[in-house]
Amino acid sequence: MGRVTKIDHALIEHFLARVRDRHTDSITFRATVRRLSLLLAYEATKDLTTEPVRVETPLAAVEARRLSQRVALVPILRAGLGMVDAVLDLLPEAEVRHLGFYRDERTLQAIEYYKKLPASNPADVALVLDPMLATGGSAVAALDAMQQWGVPQVKLLSILAVPEGISRVTTAFPNTEIYVCAIDSHLNDVGFIVPGLGDAGDRIFNARA
């Protein structure tokens, strides 16, 4: 699948079982999404550019390296908010930008309702955060916003994806790197991932009916 990385790791398998379980409460679900997001971000940031720096340890001077790129975290509201804190733990100096879309339940198209991006001065790398890559509508809209902002390198981090969503993203934005914990089988007739984990936003924010 080209630029798609499915992360194989025992901890990911363990935590996926927990978020998929319909009996997992929102407190546990939210904490587990955070752990999965941390593992995704660790993998997705392994090739960030660094520059040399000289530091003084308690015993001697040593040549070390530090990150040299501006990184923006771009959660897709609302479910993407559940991934932000984990990635900030790894990248505490990253800037956080927000994009809001809702899905038209009749057409399954992404409708933008919020966008907070600067008019210029794009980040060097953007990590778009959305737990579910389902139809791909919101992801494509977010990636288009990153292109309009002028970000040269964009990565999409999702806990679950399906081939339909991956195909839509890679067709529209073939240079975007996609990082996922699992690729499920398909979408149902209302655009939900099967077997999936239900509505990630509802479960993160304890907003189930």
Qualifying residue in the stretch 45-55 (condition: part of a helix (DSSP H, G or I) and surrounded by 17 or more Cβ atoms within 10 Å (Cβ to Cβ)): no
Sole exception among (1) open to solvent by 60 Å² or more (accessible area, probe 1.4 Å); (2) over 17 Å from the mean Cα position of the chain (by Cα); (3) not hydroxyl-bearing (Ser, Thr, Tyr) for Arg3, by number: (2)
Where Ala86 falls short, out of the listed (1) closer than 25 Å to Leu187 by Cβ; (2) assigned to a helix (DSSP H, G or I): (1)
Residue that is most open to solvent (accessible area, probe 1.4 Å), among those in the stretch 184-194 that are more than 13 Å from Asp130 (Cβ to Cβ) and either without any contact (Cβ under 8 Å) to a residue 12 or more places away in the chain or not in a loop (DSSP other than H, G, I, E, B) (or both): Asp189
So Thr107, is it open to solvent by less than 70 Å² (accessible area, probe 1.4 Å), modelled with pLDDT of 95 or more and among the polar types (S, T, N, Q): no
Conditions (1) within 18 Å of Arg34 (Cα to Cα); (2) assigned to a strand (DSSP E or B); (3) touching a helix residue (DSSP H, G or I) at 6+ places or on another chain (Cβ under 7 Å): number failed by Leu197: (2)
Residue pairs meeting the criteria (Cβ under 9 Å; at least 6 apart or on separate chains; first at positive phi, in the stretch 142-156; second modelled with pLDDT under 95 and small (Gly, Ala, Ser)): Gly150/Ser120
Residue in the stretch 57-64 that is hydroxyl-bearing (Ser, Thr, Tyr), open to solvent by less than 50 Å² (accessible area, probe 1.4 Å) and out of contact with any Asp or Glu (no Cβ under 8 Å at 6 or more places or on another chain) present: no
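Consider Ser167 carefully, then state whether it is surrounded by fewer than 19 Cβ atoms within 10 Å (Cβ to Cβ), modelled with pLDDT of 95 or more and hydroxyl-bearing (Ser, Thr, Tyr).
yes
The values are calculated or read from the model by the stated rules, or taken from the named source; none is laboratory data. Please read these numbers as outputs of a predicted model, since none were measured by experiment. So basically every Cβ, Gly included, is an ideal-geometry build from the backbone, and we count neighbours across all protein chains shown. When the accessible area is computed, the model is the full protein with side chains, heavy atoms only, and any ligands, DNA or RNA have been set aside. Shrake-Rupley method; radii C 1.70, N 1.55, O 1.52, S 1.80 Å.
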